[in-house]
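Report on one structure; see the data block that follows.
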Amino acid sequence: MPTVHTVRGPIDTAELGRTLMHEHVFVLSTEHQQNYGTGDWWDEEERVADAVSKLNELKGLGIDTIVDPTVWGLGRYLPRVQRVAAQTELNIIVATGLYTYDEIPFQYAHRGPGTLIETPTDPMVDDFTRDVRDGIADTGVHAAFLKCAVEAKGLTPGVERTLRAVAATHRETGAPITVHTSAAAQTGRLAVQVLREEGADLTKVVIGHAGDSNDLDHLKELADAGCILGMDRFGLDLYNPTSARVDTIVALAEQGYADRMVLSQDASCYIDWFPGEARTAMTQAMPNWNFTHVPQDVLPMLRERGASEGHLDQMLVQVPRRYFE
Ligand SMILES: [Zn+2]
């Protein structure tokens, strides 16, 4: 039986169940939190308890697994996620990789082939591979997929090196890939171009945030390359409102693409990008950006507009399962 690593350990891929393919437990600016959070805006116990309650609510609504692409650049810290995972039946799958829209951290910038400190292999590949094979730090938790980003700035030297390092780790370990892309700038195309050059299996690649676009020709081009479309920002109405996202998915499903789409919300139990009043403003501007939107609102709307149970099963269960096998 093929297995996949979750925060609580390996499970049979058949046990993944209904899976949201892009959700975050915590997104934190780690240095800011360590220096300015304690005793101020961050309460560890309160935040862990809040995450447990949000994820339990999601499980109660019929979702069995979330796939969390929080990597370096978004404040990945596994011991905290382990505390949450121990208190919920929902499966949490975690990633390795690097989240940057431009440059890479100095620790990598000056190490590697062709840099100041010449090394035979790219230390990013070594680190990502260790996270997948041996586990992250000393937590015993294995990363089950790889994450990177190609934003509107396109293939800057740092972004391209990261993408190639992710592809090399994928070749080495077989771990699948999720790329954060800008749908407006159609950077999914750039990701496909480099990953194809690197010999990646494109059927194991999620083009994250593809669902911000309603351009069917563009989406079909990515799916025809073999990629999985991340229809994964339900609730982020400023990028694309729910109604339009649903229509795009139904149109693609009717044309046979339900086997190349996954659903999600890109929500976080807590994200420190929007503190205090900014958080209130975000919630007012985008009231649907939360953990319950897909099961409570989106799935009924998809059914109502013509998606079949078979389509929903593909997007929620079969495609996620295949991605991790
Ligand atoms: Zn995200």
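The values are calculated or read from the model by the stated rules, or taken from the named source; none is laboratory data. In this text the structure is predicted, and so the values were computed from the model without any measurement. Note that each Cβ is placed from the backbone with ideal geometry, even for glycine, and that neighbours are counted across all protein chains shown.
Assess whether Leu163 counts as being aliphatic (A, V, I, L, M), in contact with a helix residue (DSSP H, G or I) (Cβ under 9 Å, 6 or more places away or on another chain) and surrounded by fewer than 24 Cβ atoms within 10 Å (Cβ to Cβ). Spelling it out, it is not the case that Leu163 is aliphatic (A, V, I, L, M), in contact with a helix residue (DSSP H, G or I) (Cβ under 9 Å, 6 or more places away or on another chain) and surrounded by fewer than 24 Cβ atoms within 10 Å (Cβ to Cβ).
Could you count how many residues in segment 250-286 are within 15 Å of the ligand (Cβ to nearest atom) and part of a strand (DSSP E or B)?
The initial filter retains those residues of segment 250-286 that are within 15 Å of the ligand (Cβ to nearest atom), namely 262-274, 282, 286.
Now narrow it down to the ones that are part of a strand (DSSP E or B): 262-263, 268-271.
Residues flagged as within 15 Å of the ligand (Cβ to nearest atom) and part of a strand (DSSP E or B) within segment 250-286 amount to 6.
One line per residue, one yes/no per condition, for (1) surrounded by 14 or more Cβ atoms within 10 Å (Cβ to Cβ); (2) of a type in the set (Lys, Arg); (3) under 28 Å from Gly226 (Cα atoms); (4) in contact with a strand residue (DSSP E or B) (Cβ under 7 Å, 6 or more places away or on another chain):
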{"residue": "Glu277", "(1), (2), (3), (4)": "no, no, no, no"}
{"residue": "Trp289", "(1), (2), (3), (4)": "yes, no, no, no"}
{"residue": "Met315", "(1), (2), (3), (4)": "yes, no, yes, yes"}
{"residue": "Val319", "(1), (2), (3), (4)": "yes, no, yes, yes"}
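The residue pairs whose first member lies in segment 9-26 and is more than 16 Å from Lys54 (Cα to Cα), whose second member is at pLDDT below 95 and more than 16 Å from the ligand (Cβ to nearest atom), and whose beta carbons are closer than 6 Å, counting only pairs six or more residues apart or on different chains, are Asp12/Met1; Thr13/Pro2. Scanning segment 238-249 for residues that are out of contact with any helix residue (DSSP H, G or I) (no Cβ under 7 Å at 6 or more places or on another chain) and outside any helix (DSSP H, G or I) gives a single hit, Pro241. Looking across segment 65-80, the residues that are assigned to a helix (DSSP H, G or I) and either within 16 Å of the ligand (Cβ to nearest atom) or crowded, with 16+ Cβ neighbours inside 10 Å (or both) come down to Leu78, Arg80.
Quick one: would you say Ala253 is more than 20 Å from Val179 (Cα to Cα) and of a type in the set (A, V, I, L, M)? So Ala253 fits the description; yes. Given the criteria farther than 24 Å from Ser264 by Cβ, surrounded by 14 or more Cβ atoms within 10 Å (Cβ to Cβ) and hydrophobic (A, V, I, L, M, F, W, C), does Ala109 qualify? In short, yes. Please go through segment 31-64 and pick out each residue that is hydroxyl-bearing (Ser, Thr, Tyr) and within 16 Å of the ligand (Cβ to nearest atom). The answer is none; no residue qualifies. Restricting to segment 9-29, what's the tally of residues that are within 16 Å of the ligand (Cβ to nearest atom), among the hydroxyl-bearing types (Ser, Thr, Tyr) and not in a strand (DSSP E or B)? Summing the residues that are within 16 Å of the ligand (Cβ to nearest atom), among the hydroxyl-bearing types (Ser, Thr, Tyr) and not in a strand (DSSP E or B) in segment 9-29 gives 1.
Within the set Asp212, Asp134, Asp201, the sole residue that is more than 29 Å from Thr3 (Cα to Cα), out of contact with any helix residue (DSSP H, G or I) (no Cβ under 6 Å at 6 or more places or on another chain) and of a type in the set (Asp, Glu) turns out to be Asp212. If the condition is being under 19 Å from Asp127 (Cα atoms) and buried (at least 19 other Cβ atoms within 10 Å of the Cβ), then segment 174-199 contributes Ala175, Pro176, Ile177, Thr178, Val179.
Criterion first (within 16 Å of the ligand (Cβ to nearest atom), at pLDDT 95 or above and outside any loop (DSSP other than H, G, I, E, B)) does Gly211 satisfy it? Break it down into steps so the answer makes sense when it comes.
Values: within 16 Å of the ligand (Cβ to nearest atom): yes; at pLDDT 95 or above: yes; outside any loop (DSSP other than H, G, I, E, B): yes.
Spelling it out, Gly211 is indeed within 16 Å of the ligand (Cβ to nearest atom), at pLDDT 95 or above and outside any loop (DSSP other than H, G, I, E, B).
Could you run through segment 221-236 and say how many residues are out of contact with any strand residue (DSSP E or B) (no Cβ under 8 Å at 6 or more places or on another chain), away from the ligand (no atom under 13 Å from the Cβ) and closer than 26 Å to Asp297 by Cβ?
The qualifying residues number 0.
Beta carbons closer than 6 Å, at least 6 apart along the sequence or on distinct chains, pair a first residue in segment 259-286 that is charged (D, E, K, R) with a second that is within 14 Å of the ligand (Cβ to nearest atom) for Asp266/His22; Asp266/Asp232; Asp266/Arg233; Asp272/Leu28. So which residues in segment 287-317 are part of a loop (DSSP other than H, G, I, E, B) and of a type in the set (Gly, Ala, Ser)? Within segment 287-317, Gly306, Ala307, Ser308 meet the criteria. Does Ala149 meet the test of being more than 24 Å from Pro176 (Cβ to Cβ), surrounded by 16 or more Cβ atoms within 10 Å (Cβ to Cβ) and within 16 Å of the ligand (Cβ to nearest atom)? The answer is no for Ala149.
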